[in-house]
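What follows draws every value from the coordinates through simple rules; no lab data is involved. Predicted model, so just to flag it, every value in this text is computed and none were measured. Here the Cβ is made from the backbone with ideal geometry for all residues, glycine too, and neighbour counts use every protein chain on show.
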Amino acid sequence: MSMQRIEWEKLSWSQIAELDRDATTIVIPTGAIEQHGPHLTVDTDIYNADAISRAVARNVSNQRVLVAPPIWWGTSPHHLGFPGTISLKNETFTNILMDTIASLKPHGFYRFLIVNGHGGNIGNLTASVSKIGEELGISIPALSYWQTITDVLIAVGESEIGGMGHACEMETSLALYLRPEDVDMSQAIIDMPNQPTPWSCIDFRQPGFLNIPLDLKRDSKAGIIGNPLLATKEKGETIFNAAVDRISQAISGMAHLTKRELTTSRY
Ligand SMILES: [Zn+2]
């Protein structure tokens, strides 16, 4: 028995032609190539989004879920002070997403979900899916994986607020669970940059309502926001499984939406 493939790029055109458009959701992982402290690799954000997307694709049973080639790069201007970051302009990121959807739409695909792994993409993602709705007539839900499991992050997090910001307790735990060979804990340090205001705190559990990004080179010691020393493989497993579960539920729960509900009349 052969397992069904979940990677879009591993199918032939004839296999893609046979897909049931009404029962196929295409998940697009987005992330960043961005410095994540001296202890994590620069692919952290896209790796997590892709790994979660693949697990979701294997997990959902009421439809076929395929993972599109991940969009590796995001917008990371506030990380460019460290070597390793490759940052796209907002419009480049939008254009990659637009061109992806514009290529798939003429072949009848209309069920999409963006699974994002990089906080710095959120504003642009919102604008991008709005533009796609306007110009291509398809509604594309976009989520950031940590936003689906705020309750779990609060439950497992041991650091004070500010400890789960970037290359932190959460992201280091995920790396220890998913790929410990890529983590160098001997390089990890507690790095809690001063926040410009009490309302602009950067933490996956409780983000401030004022969005004032830090310049990591200027404001942090080593490109970290938080406390990676509290990271564990067990926390990573809990966080990963919770995100996979919630996002799977969301996709399963969208199965009843029809083409009429996910597109505008201009489709
Ligand atoms: Zn990150």
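Between residue 210 and residue 89, with labels modelled 7 Å along Cα→Cβ, what's the label distance in nm to one decimal, could you check?
3.1
Looking at the P(r) of the chain, how many percent of alpha-carbon pairs lie beyond 26 Å?
Cα-Cα pairs in the chain separated by more than 26 Å: 41 percent.
Treating only the Cβ of Lys, Arg, Asp and Glu as charged (+1, +1, -1, -1), what charge dipole size does the chain show about its Cα centre? Round to the nearest 20 debye.
Charge dipole of the chain: 760 debye, to the nearest 20.
Work out how much length residue 241 to residue 261 would gain on full extension: take 0.36 nm times their residue separation and subtract the Cα-Cα distance, in nm to one decimal.
In short, 4.2 nm is gained.
GNM, the chain, Cα, under 10 Å: largest mean-square fluctuation among 225, 122, 202?
Of 225, 122, 202, the most mobile in the Gaussian network model is 122.
Quick one: which of 7-18, 97-108 comes out on top by average Cβ neighbours within 10 Å, and what's the full order, highest first?
97-108, 7-18
Of the options 92, 123, 65, report the single residue whose Cα projects farthest towards the positive end of the charge dipole of the chain (beta-carbon charges: Lys, Arg +1; Asp, Glu -1).
It is 65.
For 258, 263, which order do you get if you count the other beta carbons within 10 Å of each Cβ and list the fewest first?
Sorted ascending by nearby Cβ count, the order is 258, 263.
Could you identify which residue out of 253, 133, 120 has the top mean-square fluctuation in a GNM of the chain using Cα springs shorter than 10 Å?
Comparing 253, 133, 120 in the GNM, the peak value goes to 253.
Where nothing but the Cβ of Lys and Arg (+1) and of Asp and Glu (-1) is charged, how large is the charge dipole of region 1-116 around its Cα centre, in debye to the nearest 20?
The calculated dipole for region 1-116 is roughly 260 debye.
Separation between the residue 158 and residue 13 pseudo-spin-labels, each 7 Å from Cα along Cα→Cβ, expressed in nm?
A separation of 5.5 nm, rounded to one decimal place.
Along the positive direction of the dipole of the chain (beta-carbon charges: Lys, Arg +1; Asp, Glu -1; about the Cα centre), which of 38, 148, 208 reaches farthest?
Comparing the listed Cα positions along the dipole, 148 ranks first.
Counting other C-beta atoms within 10 Å, which of 209, 93 has the fewest, and how do the rest follow?
209, 93
Compute a Gaussian network model of the chain, connecting alpha carbons closer than 10 Å, and tell me which residue from 121, 227, 241 fluctuates the most.
Maximum fluctuation in the GNM of the chain, among the listed residues, is at 241.
Pairs on different chains or at least eight residues apart, Cα atoms closer than 30 Å: how many lysine pairs in region 134-267 fit?
4
Pop the C-beta distance of residue 107 and residue 250 into the FRET formula with R0 = 30 Å and round what comes out to the nearest 0.05.
That gives a FRET efficiency of 0.80.
Tally Lys/Arg at +1 and Asp/Glu at -1 over every other residue whose Cβ is under 14 Å from the Cβ of residue 252; what's the total?
Its environment carries a net charge of +3.
Give the relative contact order (percent, whole number) for region 106-173; include only Cα pairs under 8 Å separated by 6+ residues.
This gives 29 percent for region 106-173.
Per DSSP H run of at least 4 residues, take -39500 (n - 2.57); add these up for the chain, divide by its residues and hand me the 222 nm value, nearest 500 deg cm²/dmol.
Only helices count here, giving -11000 deg cm²/dmol.
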